[in-house]
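All remarks here apply to the structure that follows.
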Amino acid sequence: MHDWFQTPPGRTVIDWERAQFDQAVADVFGFNAVQLGLPDVDGLRANRMPHRWLALDHAPAEPGAATAGKAESALQRFALRTDFAALPFPSASVDLVLLPHALELNADPHATLREVERVLVPEGRVIICGLNPASLWGLRQRRAHLFRRFGVGELFLPDAGEFIGYWRLRDWLRLLSFEVESSRFGCYSPAVRTEKWLRRFAWMDRVGARWWPIFGAAYFLVAIKRVHGMRLLSPAWKEAPGLAKAPVSVANKVHLTLD
(Lines give C-alpha, C1' and ligand atoms only; values in the text may rest on other atoms or scores of the structure.)
Protein backbone atom coordinates (compact mmCIF):
# COMPACT_ATOMS: atom_id res chain seq x y z
CA MET A 1 0.00 0.00 0.00
CA HIS A 2 2.86 2.36 0.81
CA ASP A 3 4.37 1.88 -2.67
CA TRP A 4 1.03 2.61 -4.35
CA PHE A 5 0.71 5.88 -2.43
CA GLN A 6 3.89 7.05 -4.17
CA THR A 7 2.19 6.85 -7.58
CA PRO A 8 0.22 9.82 -9.00
CA PRO A 9 -3.20 8.24 -8.27
CA GLY A 10 -2.04 7.27 -4.79
CA ARG A 11 -0.81 10.80 -4.04
CA THR A 12 -4.15 12.17 -5.23
CA VAL A 13 -6.02 9.94 -2.77
CA ILE A 14 -3.72 10.55 0.16
CA ASP A 15 -3.77 14.33 -0.31
CA TRP A 16 -7.58 14.29 -0.31
CA GLU A 17 -7.69 12.06 2.78
CA ARG A 18 -5.25 14.24 4.71
CA ALA A 19 -7.45 17.26 4.08
CA GLN A 20 -10.53 15.34 5.27
CA PHE A 21 -8.79 14.16 8.45
CA ASP A 22 -7.54 17.66 9.26
CA GLN A 23 -11.07 19.01 8.99
CA ALA A 24 -12.73 16.15 10.89
CA VAL A 25 -10.40 15.88 13.91
CA ALA A 26 -9.71 19.56 14.56
CA ASP A 27 -12.71 20.01 16.87
CA VAL A 28 -12.83 16.54 18.46
CA PHE A 29 -11.88 16.85 22.12
CA GLY A 30 -10.89 14.30 24.75
CA PHE A 31 -7.76 12.74 26.18
CA ASN A 32 -6.80 9.70 24.07
CA ALA A 33 -6.70 9.23 20.29
CA VAL A 34 -5.37 6.30 18.26
CA GLN A 35 -4.65 5.83 14.56
CA LEU A 36 -4.55 2.24 13.35
CA GLY A 37 -2.07 1.72 10.55
CA LEU A 38 -0.86 3.66 7.52
CA PRO A 39 1.69 6.14 8.91
CA ASP A 40 1.71 7.82 5.46
CA VAL A 41 -1.46 9.58 6.64
CA ASP A 42 -0.84 11.54 9.84
CA GLY A 43 -4.55 11.84 10.54
CA LEU A 44 -4.09 13.26 14.04
CA ARG A 45 -1.79 16.16 13.18
CA ALA A 46 -4.65 18.69 13.49
CA ASN A 47 -6.00 17.19 16.71
CA ARG A 48 -5.18 18.65 20.14
CA MET A 49 -5.68 15.68 22.46
CA PRO A 50 -2.80 15.24 24.94
CA HIS A 51 -2.31 11.51 24.20
CA ARG A 52 -2.05 10.36 20.57
CA TRP A 53 -0.73 7.02 19.35
CA LEU A 54 -0.02 5.29 16.06
CA ALA A 55 -0.75 1.54 16.21
CA LEU A 56 0.85 -0.72 13.58
CA ASP A 57 0.19 -4.38 12.91
CA HIS A 58 3.80 -4.85 11.79
CA ALA A 59 7.22 -3.73 12.95
CA PRO A 60 7.54 0.08 12.79
CA ALA A 61 9.69 1.34 9.95
CA GLU A 62 12.84 3.31 10.43
CA PRO A 63 12.25 6.88 11.63
CA GLY A 64 11.13 9.03 8.74
CA ALA A 65 10.93 6.17 6.24
CA ALA A 66 7.18 6.41 5.85
CA THR A 67 7.42 10.07 4.92
CA ALA A 68 10.07 9.52 2.23
CA GLY A 69 12.84 11.57 3.81
CA LYS A 70 10.63 14.23 5.40
CA ALA A 71 10.76 15.21 9.04
CA GLU A 72 9.33 12.61 11.40
CA SER A 73 5.84 13.47 12.58
CA ALA A 74 4.87 13.67 16.25
CA LEU A 75 2.51 10.73 15.73
CA GLN A 76 5.29 8.42 14.47
CA ARG A 77 7.33 9.01 17.62
CA PHE A 78 4.56 7.29 19.63
CA ALA A 79 4.14 4.24 17.38
CA LEU A 80 3.42 0.84 18.89
CA ARG A 81 3.09 -2.65 17.44
CA THR A 82 -0.10 -4.53 18.20
CA ASP A 83 -2.82 -6.75 16.82
CA PHE A 84 -5.74 -4.58 15.70
CA ALA A 85 -8.14 -7.21 17.04
CA ALA A 86 -6.56 -7.00 20.53
CA LEU A 87 -5.66 -3.39 21.24
CA PRO A 88 -3.69 -2.72 24.46
CA PHE A 89 -6.23 -0.23 25.82
CA PRO A 90 -8.87 -0.71 28.53
CA SER A 91 -12.51 -0.77 27.56
CA ALA A 92 -14.13 2.66 27.12
CA SER A 93 -10.81 4.50 27.38
CA VAL A 94 -10.24 6.05 23.92
CA ASP A 95 -12.08 9.13 22.64
CA LEU A 96 -11.12 8.93 18.95
CA VAL A 97 -10.00 6.10 16.64
CA LEU A 98 -8.82 6.59 13.06
CA LEU A 99 -8.91 3.76 10.52
CA PRO A 100 -7.18 4.92 7.31
CA HIS A 101 -7.57 1.84 5.07
CA ALA A 102 -7.06 -0.34 8.15
CA LEU A 103 -10.19 -2.44 7.59
CA GLU A 104 -9.60 -3.28 3.95
CA LEU A 105 -5.98 -4.26 4.65
CA ASN A 106 -6.84 -6.40 7.70
CA ALA A 107 -7.39 -10.15 7.58
CA ASP A 108 -10.38 -9.88 9.94
CA PRO A 109 -12.03 -6.45 9.58
CA HIS A 110 -15.04 -7.54 11.67
CA ALA A 111 -12.83 -8.30 14.69
CA THR A 112 -10.99 -5.00 14.26
CA LEU A 113 -14.24 -3.04 14.20
CA ARG A 114 -15.53 -4.87 17.28
CA GLU A 115 -12.30 -4.05 19.10
CA VAL A 116 -12.65 -0.40 18.15
CA GLU A 117 -16.16 -0.42 19.62
CA ARG A 118 -14.79 -1.92 22.84
CA VAL A 119 -12.07 0.66 23.45
CA LEU A 120 -14.17 3.70 22.50
CA VAL A 121 -15.88 5.68 25.22
CA PRO A 122 -19.64 6.27 24.88
CA GLU A 123 -20.15 9.04 22.31
CA GLY A 124 -16.59 8.44 21.09
CA ARG A 125 -15.85 8.76 17.37
CA VAL A 126 -14.37 6.46 14.77
CA ILE A 127 -13.22 7.87 11.42
CA ILE A 128 -12.81 5.49 8.50
CA CYS A 129 -11.55 5.99 4.96
CA GLY A 130 -11.24 3.43 2.21
CA LEU A 131 -11.18 2.85 -1.53
CA ASN A 132 -14.60 2.61 -3.14
CA PRO A 133 -15.12 -0.52 -5.28
CA ALA A 134 -18.20 1.15 -6.85
CA SER A 135 -16.16 3.73 -8.76
CA LEU A 136 -14.33 4.14 -12.05
CA TRP A 137 -11.14 3.10 -10.29
CA GLY A 138 -12.80 0.02 -8.81
CA LEU A 139 -14.24 -0.86 -12.23
CA ARG A 140 -10.80 -0.74 -13.80
CA GLN A 141 -9.43 -2.91 -10.98
CA ARG A 142 -12.08 -5.59 -11.59
CA ARG A 143 -11.39 -5.50 -15.32
CA ALA A 144 -7.66 -5.92 -14.65
CA HIS A 145 -8.35 -8.95 -12.43
CA LEU A 146 -10.36 -10.48 -15.29
CA PHE A 147 -7.58 -9.89 -17.82
CA ARG A 148 -4.94 -11.31 -15.48
CA ARG A 149 -6.64 -14.69 -15.78
CA PHE A 150 -5.39 -14.69 -19.37
CA GLY A 151 -1.95 -13.47 -18.40
CA VAL A 152 -2.41 -9.86 -19.54
CA GLY A 153 -3.20 -6.57 -17.88
CA GLU A 154 -1.90 -4.70 -14.86
CA LEU A 155 -3.75 -3.84 -11.67
CA PHE A 156 -4.60 -0.19 -11.10
CA LEU A 157 -5.20 -0.31 -7.34
CA PRO A 158 -3.08 -2.14 -4.72
CA ASP A 159 -3.28 -5.91 -4.83
CA ALA A 160 -3.64 -6.13 -1.05
CA GLY A 161 -6.62 -6.76 1.17
CA GLU A 162 -10.26 -6.55 0.17
CA PHE A 163 -12.01 -3.29 -0.64
CA ILE A 164 -15.16 -2.79 1.44
CA GLY A 165 -18.14 -1.06 -0.13
CA TYR A 166 -19.52 2.05 1.54
CA TRP A 167 -23.02 0.69 2.18
CA ARG A 168 -21.63 -2.60 3.42
CA LEU A 169 -19.50 -0.73 5.94
CA ARG A 170 -22.51 1.26 7.13
CA ASP A 171 -24.33 -2.03 7.83
CA TRP A 172 -21.40 -3.24 9.93
CA LEU A 173 -21.38 -0.01 11.91
CA ARG A 174 -25.13 -0.13 12.54
CA LEU A 175 -24.85 -3.66 13.94
CA LEU A 176 -22.30 -2.36 16.47
CA SER A 177 -24.57 0.55 17.51
CA PHE A 178 -22.59 3.20 15.66
CA GLU A 179 -24.39 6.16 14.16
CA VAL A 180 -22.87 7.68 11.01
CA GLU A 181 -22.51 11.39 11.67
CA SER A 182 -21.14 12.46 8.28
CA SER A 183 -19.74 10.95 5.11
CA ARG A 184 -18.31 12.13 1.81
CA PHE A 185 -16.64 10.86 -1.35
CA GLY A 186 -13.70 12.20 -3.32
CA CYS A 187 -11.36 11.60 -6.29
CA TYR A 188 -13.90 11.42 -9.13
CA SER A 189 -11.44 11.48 -12.04
CA PRO A 190 -11.16 8.48 -14.39
CA ALA A 191 -8.63 5.75 -13.64
CA VAL A 192 -5.58 7.30 -15.29
CA ARG A 193 -2.01 6.78 -14.14
CA THR A 194 -0.15 9.99 -15.02
CA GLU A 195 -0.21 13.25 -13.12
CA LYS A 196 -0.73 15.12 -16.39
CA TRP A 197 -4.06 13.40 -17.08
CA LEU A 198 -5.14 13.62 -13.44
CA ARG A 199 -4.73 17.40 -13.63
CA ARG A 200 -6.73 17.49 -16.87
CA PHE A 201 -9.62 15.69 -15.20
CA ALA A 202 -9.45 17.77 -12.01
CA TRP A 203 -12.71 19.48 -13.01
CA MET A 204 -14.51 16.20 -12.33
CA ASP A 205 -13.64 16.48 -8.64
CA ARG A 206 -15.45 19.81 -8.53
CA VAL A 207 -18.69 18.54 -10.08
CA GLY A 208 -18.61 14.91 -8.96
CA ALA A 209 -20.01 15.61 -5.50
CA ARG A 210 -23.11 17.06 -7.16
CA TRP A 211 -23.73 14.86 -10.19
CA TRP A 212 -22.43 11.41 -9.15
CA PRO A 213 -21.79 11.75 -5.40
CA ILE A 214 -21.37 8.07 -4.43
CA PHE A 215 -18.96 7.10 -7.21
CA GLY A 216 -15.79 8.74 -5.92
CA ALA A 217 -12.69 6.56 -5.79
CA ALA A 218 -12.37 7.09 -2.02
CA TYR A 219 -14.88 7.54 0.81
CA PHE A 220 -14.58 9.07 4.25
CA LEU A 221 -17.04 8.73 7.14
CA VAL A 222 -17.34 9.70 10.79
CA ALA A 223 -19.40 7.54 13.16
CA ILE A 224 -20.34 7.95 16.83
CA LYS A 225 -20.60 5.13 19.35
CA ARG A 226 -24.10 5.21 20.82
CA VAL A 227 -24.89 3.43 24.08
CA HIS A 228 -28.56 2.52 24.46
CA GLY A 229 -30.12 3.40 27.79
CA MET A 230 -27.49 5.98 28.69
CA ARG A 231 -28.85 9.34 29.86
CA LEU A 232 -26.73 12.41 30.50
CA LEU A 233 -27.40 13.94 33.91
CA SER A 234 -27.88 17.69 34.07
CA PRO A 235 -27.51 19.87 37.19
CA ALA A 236 -30.65 20.54 39.22
CA TRP A 237 -30.95 24.29 38.80
CA LYS A 238 -34.36 24.46 40.53
CA GLU A 239 -35.16 23.09 43.95
CA ALA A 240 -37.97 20.59 44.28
CA PRO A 241 -41.04 22.12 45.92
CA GLY A 242 -41.16 21.46 49.67
CA LEU A 243 -44.07 19.88 51.50
CA ALA A 244 -45.05 23.23 53.01
CA LYS A 245 -45.66 24.67 49.55
CA ALA A 246 -47.68 21.72 48.31
CA PRO A 247 -51.42 22.45 47.76
CA VAL A 248 -53.89 20.91 50.22
CA SER A 249 -57.11 19.37 49.00
CA VAL A 250 -60.33 20.69 50.62
CA ALA A 251 -62.74 18.31 48.97
CA ASN A 252 -63.33 16.32 52.18
CA LYS A 253 -63.28 19.27 54.57
CA VAL A 254 -65.59 18.69 57.62
CA HIS A 255 -67.70 21.58 58.98
CA LEU A 256 -68.60 21.54 62.71
CA THR A 257 -71.58 23.44 64.11
CA LEU A 258 -72.19 24.27 67.75
CA ASP A 259 -75.72 24.24 69.18
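The values are calculated or read from the model by the stated rules, or taken from the named source; none is laboratory data. Just so it is clear, the structure is predicted and the values come from calculations on it, not from any experiment. Note: ideal-geometry Cβ built from the backbone for every residue, glycine included; neighbour counts use all protein chains shown. When the accessible area is computed, the model is the full protein with side chains, heavy atoms only, and any ligands, DNA or RNA have been set aside. Shrake-Rupley method; radii C 1.70, N 1.55, O 1.52, S 1.80 Å.
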From (1) open to solvent by less than 30 Å² (accessible area, probe 1.4 Å); (2) farther than 16 Å from residue 98 by Cβ; (3) of a type in the set (Phe, Trp, Tyr), pick out the condition that doesn't hold for residue 178. (2)
Please enumerate the residues belonging to the range 188-216 that are basic (Lys, Arg) and surrounded by 12 or more Cβ atoms within 10 Å (Cβ to Cβ). 193, 199, 200
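The rows are residues; the columns are (1) within 22 Å of residue 14 (Cα to Cα); (2) in a helix (DSSP H, G or I); (3) of a type in the set (A, V, I, L, M).
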{"site": "161", "(1), (2), (3)": "yes, no, no"}
{"site": "174", "(1), (2), (3)": "no, yes, no"}
{"site": "188", "(1), (2), (3)": "yes, no, no"}
{"site": "208", "(1), (2), (3)": "yes, yes, no"}
{"site": "215", "(1), (2), (3)": "yes, no, no"}
{"site": "222", "(1), (2), (3)": "yes, no, yes"}
Return the pair list, or none, for Cβ contacts closer than 6 Å from residues in the range 123-144 that are farther than 18 Å from residue 216 by Cα and open to solvent by 30 Å² or more (accessible area, probe 1.4 Å) to residues that are modelled with pLDDT under 90 and of a type in the set (Lys, Arg), at least 6 apart or on different chains. none
Scanning the range 1-22 for residues that are surrounded by fewer than 17 Cβ atoms within 10 Å (Cβ to Cβ), out of contact with any helix residue (DSSP H, G or I) (no Cβ under 6 Å at 6 or more places or on another chain) and in a helix (DSSP H, G or I) gives 6, 11, 15, 19, 22
Kindly provide the set of residues from the range 31-57 that are without any contact (Cβ under 8 Å) to a residue 40 or more places away in the chain and open to solvent by less than 10 Å² (accessible area, probe 1.4 Å), ordered by number. 54, 55, 56
Go through the range 119-154 and give me each residue that's part of a loop (DSSP other than H, G, I, E, B), under 29 Å from the mean Cα position of the chain (by Cα) and hydrophobic (A, V, I, L, M, F, W, C). 134
The condition from (1) of a type outside the set (Gly, Ala, Ser); (2) within 15 Å of residue 16 (Cβ to Cβ); (3) out of contact with any Pro (no Cβ under 7 Å at 6 or more places or on another chain); (4) at pLDDT below 90 that residue 210 misses is numbered (2)
Can you tell me which residue in the range 100-116 is nearest to residue 87 (Cα to Cα), limited to those that are crowded, with 18+ Cβ neighbours inside 10 Å and acidic (Asp, Glu)? 115
